[in-house]
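Here's the structure, in structure tokens; my notes come after.
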Amino acid sequence: MAYTGGDLIRDFLDLHEISYVFGNPGTTETTFLDAVGRSKAQYLLALHESTAVGIAAGYAMLTRKPAMVSLHTYPGLANGLFNMRNALLSGVPLLVINGQQDS
């Protein structure tokens with residue numbers, strides 16, 4: 001059986017002991033969500049991408065560990081940009097994953 005991108009994500013989450021992935025997914029992230037579901041991490045759903053980034057930044061500030069955020073395609077990335085900029089200027093470590101539609 002081949003080692004897939006989903007396997008890589010699952011292993012990354014577990015290896016780096018990432019407890020939570022914050023986000024607002026769409027239909028293009030179903031395989032990513034499956035990989036998170038097969039890991040030890042928990043996906044925390046936000047109602048908007050900007051909120052997901054803000055919650056992740058707050059978590060990273062409190063725990064002093066990088067936080068992971070999953071955003072949906074280009075509009076989702078755009079929705080989260082201001083809070084990503086705030087995190088960058090504040091020195092808050094975030095790993096942002098952005099889904100994309102198949103072409």
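The values are calculated or read from the model by the stated rules, or taken from the named source; none is laboratory data. Here the structure is a predicted model, which means the values were calculated and not measured. Glycine gets a Cβ as well: all are built from the backbone with ideal geometry, and neighbour counts include every protein chain shown.
The number of residues in the stretch 24-47 being outside any helix (DSSP H, G or I), modelled with pLDDT under 95 and either in contact with a Ser or Thr (Cβ under 7 Å, 6 or more places away or on another chain) or at positive phi (or both) comes to 2. What number of residues within the stretch 13-22 are within 24 Å of TYR74 (Cα to Cα) and either modelled with pLDDT under 95 or more than 13 Å from the chain's Cα centre (by Cα) (or both)? Of the residues in the stretch 13-22, 1 are within 24 Å of TYR74 (Cα to Cα) and either modelled with pLDDT under 95 or more than 13 Å from the chain's Cα centre (by Cα) (or both).
The residues of the stretch 48-102 that are outside any strand (DSSP E or B), of a type in the set (S, T, N, Q) and within 15 Å of ILE18 (Cβ to Cβ) amount to a single one, THR63. List every residue pair whose Cβ atoms sit under 7 Å apart, with the two residues 6 or more apart in sequence or on different chains, where the first one lies in the stretch 15-29 and is within 15 Å of THR51 (Cβ to Cβ) and the second, anywhere, is of a type in the set (Asp, Glu). If the second residue must be of a type in the set (Asp, Glu), the pairs left are ASN24/GLU49.
With the structure loaded, tell me whether ALA78 is crowded, with 20+ Cβ neighbours inside 10 Å and either under 13 Å from GLU29 (Cβ atoms) or not aromatic (Phe, Trp, Tyr) (or both) or whether it fails that test. No, not satisfied. Scanning the stretch 53-103 for residues that are touching a strand residue (DSSP E or B) at 6+ places or on another chain (Cβ under 6 Å) and of a type in the set (Phe, Trp, Tyr) returns a single hit, TYR59. Within the stretch 81-103, the set of residues being surrounded by 13 or more Cβ atoms within 10 Å (Cβ to Cβ) and among the polar types (S, T, N, Q) comprises ASN83, ASN86, ASN98.
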